[in-house]
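Enquirer: For reference, the structure I am asking about is given below.
The values are calculated or read from the model by the stated rules, or taken from the named source; none is laboratory data. In this text, all values refer to a predicted model and were calculated from it rather than measured experimentally. Virtual Cβ from ideal backbone geometry, glycine too; neighbours counted across all protein chains shown. For the accessible areas, the whole protein counts, side chains as well, though only heavy atoms, and no ligand, DNA or RNA atoms are used. Shrake-Rupley method; radii C 1.70, N 1.55, O 1.52, S 1.80 Å.
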Amino acid sequence: MISISHKAKQFLIVVIKLLIVGGAFYFIYDQLANNDQLDWEKFIVLFKKNQSVAGISFILLLSVLNRFFEILKWQNLVSFLHKISLSESTKQVLAALTAGLFTPNGVGEYAGKALFFEKSQTKKIVFLNLLCNGIQMILSIIFGAIGLWILGYKFWAFILLLSSFGFLLLAISLKKITIKGYSIKKLIDKINKIPKLIHQKNILLAVCRYLIFSHQYYFLFVAFDVHLPYFTMMAGITSVYFLASALPTFQFLDFAVKGSIAVYFFGNLGVNEWIVVFISTLMWFLNVVIPVIIGSYYVMNYKVLTPALRTGEASETR
């Protein structure tokens with residue numbers, strides 16, 4: 001085995017940090033500066049027409065609450081292993097978000113969070129992160145099916161629910177089958193080991209977060225003078241989030257994927273394409289770009305766990 005000196009290891013860590021942060025800022029700039037679908041002149045005219053300190057503050061507050069509830073979710077789930085502070089949960093969530101910017105469907109977040117814990121807990125952290133993201137996916141399916149039904153896509157809503165229910169039944173019937181040491185039964189057993197109170201809190205926080213970012217989307221449409229019926233608007237939004245979450249993509253392309261899907265749904269409802277694209281871009285900027293910028297600070301200040309930190313952490317582990 002090739003051994004790496006302490007100085008070389010520290011240098012490698014610094015290089016990785018710079019690559020992550022530098023890459024994040026490059027992709028953000030590239031998407032905002034070179035997107036031909038963004039008509040900044042129209043945006044500035046409409047912004048000046050409808051600008052309001054209270055309105056802007058409200059939209060920004062929703063972005064803070066969106067990420068805050070995600071931080072609370074992670075703090076709640078990690079409490080199964082040991083308690084962490086709100087500030088520590090914030091650091092882990094935002095740094096992991098930055099690290100996962102270049103990976104399909106934010107897979108890098110799993111590794112990002114695991115780096116804050118000792119190696120022996122890596123599988124547990126990955127599993128907890130799976131629960132953290134999994135509940136949001138389930139909510140996207142439920143609300144997405146309802147949205148598709150309201151918009152008149154009843155056949156696809158039925159197929160969606162039927163396939164989800166069928167997959168659940170298949171998983172239950174095959175729960176005893178083991179593949180390379182893994183099985184549905186073992187997964188269920190792991191889930192059941194976590195106290196019900198933690199699961200209940202995870203679901204509640206996930207629902208709150210979903211309602212926050214979906215309504216942020218809604219209020220941005222209202223701010224851009226789009227006045228469709230409330231349930232029609234929300235149905236379009238939930239449909240967009242479901243289809244976007246079902247497609248493999250990268251965080252830095254998130255707004256492009258959601259934007260293209262949103263253009264289809266809201267275009268059929270008579271909303272101008274450029275408005276849909278701008279709102280999707282703003283949602284991406286408020287809920288991904290700003291947290292990534294903050295997360296970059298935590299990435300640059302990340303320190304590899306020392307034996308002393310591991311010992312201290314282990315003493316808190318249940």
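Enquirer: Could you sort out which of LYS119/LYS303; LYS83/LYS196; LYS73/LYS124; LYS83/LYS123; LYS123/LYS201 sit more than 20 Å apart by Cα distance in this structure?
Expert: Table pairs above 20 Å Cα-Cα are LYS123/LYS201.
Enquirer: Okay, next question. What distance in nm separates the two pseudo spin-label positions at GLN200 and LEU162, each 7 Å out from Cα along the beta-carbon direction?
Expert: If labels sit at GLN200 and LEU162, their model points lie 3.6 nm apart.
Enquirer: Further, regarding this structure: Protein chains only, probe 1.4 Å: how do SER120, SER163, SER63 rank by accessible area, largest first?
Expert: SER120, SER163, SER63
Enquirer: Keeping all protein chains in the complex and leaving out DNA, RNA and ligands, what accessible area do you get for PHE285 with a 1.4 Å probe, in Å² to the nearest 10?
Expert: Around 70 Å² of this residue is reachable by solvent.
Enquirer: Looking at the square roots a ≥ b ≥ c of the eigenvalues of the Cα gyration tensor of the range 78-124, which shape do they give, rounded for a/c under 1.5, prolate if a/b is larger than b/c, or oblate?
Expert: Since a/c reaches 1.5 but b/c is at least a/b, the shape of the range 78-124 is classed as oblate.
Enquirer: Leaving out ligands and nucleic acids, note down the accessible area per residue over the range 203-243 with a 1.4 angstrom probe, in whole Å².
Expert: 37 Å²
Enquirer: Loop-only check: which trypsin sites (Lys or Arg not before Pro) in the range 72-166 are DSSP coil with at most 14 other Cβ within 10 angstrom?
Expert: Answer in residue order: LYS83.
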